[in-house]
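So the structure is just underneath, and the comments pick up after that.
The values are calculated or read from the model by the stated rules, or taken from the named source; none is laboratory data. Computed from a prediction, not measured in an experiment: that's the story for all the values here. As a convention, Cβ positions derive from the backbone with ideal geometry for all residues, glycine included, and neighbour counts pool all protein chains shown. The protein model used for the area step is the full one, side chains on, heavy atoms only, and it has no ligands, DNA or RNA in it. Shrake-Rupley method; radii C 1.70, N 1.55, O 1.52, S 1.80 Å.
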Amino acid sequence: MQIRITSLTEQELPAVHAFNVRMAANAPFLLPEKILHPRPNNSLVDPAISWTHYLAMEGSEVRGGFLLMEQPAVVGGQVRRVCNSQSMLSEGICDRRYGVVALQMLKYIERNKEYPFMVGMGSAQASLPRLLAGAGWTVRAVPFLFRIQNTRKFLHEMRIFRHSGYRQAAARAASVTGVGWLGAKLLQWRPRLSNRELRGLTLTPITAWGAWADEIWSQYERHCSFAVLRDRSTLHLLYPLSGDRVRACVVHYGSRPVGWAAWLSTPMRDDKYFGNLHVVTILDCIAPPEYADIVAHLIADHLSESQADLLISNQAHSLWVRAFRRSGFLGASSNYLLATSRKFSAAIQAGGGEERIHLTRGDSDGRIHL
């Protein structure tokens with residue numbers, strides 16, 4: 001089977017449509033049927049993020065495709081161009097004759113991109129994570145953290161409690177008797193910050209990313225073995241604040257900016273995980289280590305005053321896992337994975353190890369599914 005990898009152009013759109021028709025009943029998503037115009041990415045001085053769709057072609061037929069998101073990142077203390085591979089889809093999921101297409105797409109990415117990685121992917125037992133692990137990539141889960149705001153609704157709506165009659169009955173009993181509320185309060189208890197600790201600190205909602213974001217990033221980046229840039233110009237692309245979807249705030253100590261956070265507020269509608277809960281997802285947060293705990297605490301308290309039933313976040317960096325746990329968040333199994341190629345994994349280890357990776361739900365396409 002002769003497979004060639006090519007970027008998507010207008011010429012291939014009819015073949016993409018035919019591929020989507022064949023895949024419609026079996027695929028979790030489909031390939032795009034329009035051209036995405038990437039931003040220029042020919043210089044590390046220009047931090048713009050670019051997106052390019054690629055196709056795996058057999059003659060004139062499409063057999064698979066993927067999206068490459070290229071952006072600047074800190075890797076082992078150096079600014080590098082990294083490549084986030086997303087939305088990989090192969091006809092092999094419904095026709096065994098094309099079972100090798102996914103591997104051929106992966107080999108193309110490894111040959112042509114120096115620091116490739118993938119995020120999301122669901123269970124580690126799914127086909128793509130197993131393919132990556134077999135190819136020598138390092139696959140690890142990004143910790144999932146949550147804080148219950150409305151215990152009764154949480155017990156009623158979370159779909160995990162409906163997986164068996166026993167779980168459903170136990171959740172209903174906990175809700176009715178108040179045991180669930182008491183248990184959540186006890187598990188999520190943490191000491192309040194004193195007035196002395198809070199003195200001089202302010203949290204302010206923002207509608208634009210200012211020059212202060214560069215100041216905060218410059219204090220934080222050296223504590224990361226791998227992190228996509230979070231400077232002002234990159235944040236405009238990652239978390240645009242011009243609409244109503246992404247919200248953000250900045251924390252000051254006196255007049256000095258010391259941290260920020262971005263989040264989504266989503267009233268779910270019959271979601272397969274969250275039912276009809278109002279979920280606030282903390283997409284990202286940045287602060288130097290000495291302010292991480294207090295920034296997480298202030299953000300959690302600020303969001304607790306919203307209409308949220310549940311606060312959630314995925315955080316890879318041990319600094320933020322610890323900070324949110326100290327702010328009353330609990331941990332649970334995660335279906336949000338990070339996979340890095342052999343070379344990328346080696347650079348991460350040389351730069352301080354996996355505990356210093358800064359990767360959140362805001363990376364990749366994780367934020368668009370919430």
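Annotation: amide H of R63 within the under-5 Å range of A56, M57, E58, sequence separation 5 or more or interchain, hydrogens built in the peptide plane. With the whole protein complex present, D231 retains an accessible surface near 30 Å², based on a 1.4 Å probe. Note on exposure: R230, R322, R342 ranked by accessible area (1.4 Å probe, complete protein assembly) read R342, R322, R230, with the most exposed listed first.
Name the shape class, rounded, prolate or oblate, that the alpha-carbon gyration tensor gives for the range 6-138, where a ≥ b ≥ c are the square roots of its eigenvalues, rounded holds for a/c under 1.5, and otherwise prolate holds if a/b is larger than b/c and oblate otherwise.
On the way: a/c = 2.21, a/b = 1.33, b/c = 1.66.
Oblate.
The rule of thumb for compact globular proteins, 2.2 N^0.38 Å, goes into the C-alpha radius of gyration of the range 74-169 1.52 times.
Per residue, the range 233-342 exposes 36 Å² of accessible surface when a 1.4 Å probe is rolled over the protein heavy atoms with every protein chain present.
Taking all protein chains as they are arranged and a probe of 1.4 Å, the heavy atoms of C94 leave approximately 60 Å² accessible to solvent. The lysines whose alpha-carbon is closer than 17 Å to the alpha-carbon of K343, local same-chain residues fewer than 8 away aside, are K107, K113. Model label points for M1 and A126, set 7 angstrom from Cα along the Cα-to-Cβ axis, are 2.1 nm apart.
Measuring spread by the Cα atoms of the range 205-276 yields a radius of gyration and Dmax of 14.7, 44 Å. Largest first, the residues S233, S90 sort by 1.4 Å accessible area into S233, S90. The alpha carbon centroids of the range 285-357 and the range 199-268 are separated by 15 Å. Treating cross-link reach as a plain straight distance, find the aspartates and glutamates whose alpha-carbon is under 18 Å from the alpha-carbon of K153, omitting any fewer than eight places away in the same chain. Qualifying aspartates and glutamates at Cα under 18 Å: D270, D271, E305, D309. Using every alpha carbon pair in the range 191-331, what percent of pairs falls into each 5 Å bin from 0 up to the bin containing the largest distance? It works out to 2, 9, 20, 22, 22, 15, 7, 3, 0, in whole percents.
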